[in-house]
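Read through the structure below, which is laid out as structure tokens, and then see the notes.
The values are calculated or read from the model by the stated rules, or taken from the named source; none is laboratory data. Small disclaimer: the values here were computed from a predicted structure and weren't measured. Cβ placement follows ideal geometry from the backbone for every residue including glycine, while neighbour counts extend to all protein chains displayed. To get the accessible areas, we keep the full protein, side chains included, count just its heavy atoms, and leave off ligands, DNA and RNA. Shrake-Rupley method; radii C 1.70, N 1.55, O 1.52, S 1.80 Å.
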Amino acid sequence: DPKIIQKPKYLVAVTGSEKILICEQYLGHNAMYWYRQSAKKPLEFMFSYSYQKLMDNQTASSRFQPQSSKKNHLDLQITALKPDDSATYFCASSRRDSNYAEQFFGPGTRLTVL
Amino acid sequence: TQTVSQSDAHVTVFEGDSVELRCNYSYGGSIYLSWYIQHHGHGLQFLLKYYSGNPVVQGVNGFEAEFSKSDSSFHLRKASVHWSDSAVYFCAVRESGGSNAKLTFGKGTKLSVKS
């Protein structure tokens with residue numbers, strides 16, 4: 001059974017629209033993250049949450065908003081989508097006692113903005 | 001500027017060969033170093049990490065990595081590769097201390113194993 005679920009696997013959106021990327025982890029971890037990977041940039045950290053609280057935000061744009069409704073959920077809402085937002089978005093999680101360096105990644109959501 | 005550098009974008013070897021994938025870093029303080037593997041179309045999988053102690057760390061599937069403070073390096077090695085090792089390998093750094101859990105990744109090295 002998959003331990004980190006990301007939905008949907010593929011997503012196509014039009015410029016200016018809004019989408020929510022879903023992430024659920026069943027590893028019992030208390031820290032969750034979002035990363036972005038595109039052809040233009042290497043794997044890039046976006047956010048980290050611990051116990052449902054924001055720890056670090058490296059995303060300059062307020063169009064990207066993480067949402068944590070449950071301790072094992074960290075969804076990513078993206079508003080006013082742009083073609084440059086096209087990328088694969090990975091959710092990840094870890095335990096605090098691994099000092100966050102051992103992170104488990106989901107399969108990703110591939111977003112294409114037309 | 002703090003950086004993680006993987007100098008080889010693509011490495012090709014034959015099955016049974018040994019391989020070394022290079023990672024160099026530039027960080028001022030204490031750090032955690034790790035390696036991840038990404039098979040095509042999948043998410044990243046953790047291979048191994050280093051923080052202190054024995055500079056040679058063992059990971060899954062026969063991989064090991066060696067830390068060198070003098071060279072600012074953390075190279076990944078495998079003595080005998082299998083075709084299933086074909087993937088992209090990422091070196092990552094996390095600064096120790098505090099609540100900052102951000103991993104900074106290198107650009108990745110694509111390993112192709114020919115049979």
Q | Given (1) at the interface with another protein chain (Cβ under 8 Å from one of its Cβ atoms); (2) in contact with a helix residue (DSSP H, G or I) (Cβ under 9 Å, 6 or more places away or on another chain); (3) of a type in the set (Phe, Trp, Tyr), number of the condition B:PHE63 does not satisfy | A | (1)
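From the set of residues in region B:37-60 that are in a loop (DSSP other than H, G, I, E, B) and surrounded by 12 or more Cβ atoms within 10 Å (Cβ to Cβ), which is farthest from the other protein chains (Cβ to nearest Cβ)?
Selected residue: B:PRO55.
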(Q) For region B:61-110, which positions are crowded, with 21+ Cβ neighbours inside 10 Å and either at positive phi or acidic (Asp, Glu) (or both)? (A) B:GLY108
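Tell me the residue from A:LYS40, A:LYS3, A:LYS53, A:LYS7 that is of a type outside the set (Gly, Ala, Ser), more than 23 Å from B:ALA92 (Cβ to Cβ), open to solvent by 30 Å² or more (accessible area, probe 1.4 Å) and over 12 Å from the mean Cα position of the chain (by Cα), please. Explain how you work it out, then say what you get.
Working: A:LYS40 fails: more than 23 Å from B:ALA92 (Cβ to Cβ); A:LYS3 fails: more than 23 Å from B:ALA92 (Cβ to Cβ); A:LYS7 fails: over 12 Å from the mean Cα position of the chain (by Cα).
Just a single option satisfies the conditions, and that option is A:LYS53.
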Q: For A:ARG63, work out the one condition from (1) open to solvent by 20 Å² or more (accessible area, probe 1.4 Å); (2) at pLDDT below 95; (3) within 14 Å of the chain's Cα centre (by Cα) it doesn't fulfil.
A: (2)
**Q.** In region A:13-26, the residues that are exposed (fewer than 13 other Cβ atoms within 10 Å of the Cβ) and of a type outside the set (Ser, Thr, Tyr)
**A.** A:VAL14, A:GLY16, A:GLU18
Q.
I need the full set of residues from region A:59-114 which are of a type in the set (Asp, Glu) and either away from every other protein chain (no Cβ under 14 Å) or not in a loop (DSSP other than H, G, I, E, B) (or both), in order please.
A. A:ASP75, A:ASP84, A:ASP85, A:ASP97
Q) Which of the following residues is open to solvent by less than 20 Å² (accessible area, probe 1.4 Å) and farther than 26 Å from B:GLN6 by Cβ: A:LEU74, A:LEU111? A) A:LEU74
**Q.** Filtered residues of region A:1-23 (kept if in contact with a Leu (Cβ under 7 Å, 6 or more places away or on another chain) and of a type in the set (Phe, Trp, Tyr))
**A.** none
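Output the strands (runs of 3 or more DSSP E) that fall wholly within region A:1-58 and possess 2 or more residues being within 22 Å of B:THR104 (Cβ to Cβ) and without any contact (Cβ under 8 Å) to a residue 24 or more places away in the chain, or say none. Working first, answer last.
Values: elements: A:4-7, A:10-13, A:19-25, A:31-37, A:44-50, A:53-57.
Because the criterion is at least 2 residues that are within 22 Å of B:THR104 (Cβ to Cβ) and without any contact (Cβ under 8 Å) to a residue 24 or more places away in the chain, the strands (runs of 3 or more DSSP E) in region A:1-58 that meet it are A:44-50, A:53-57.
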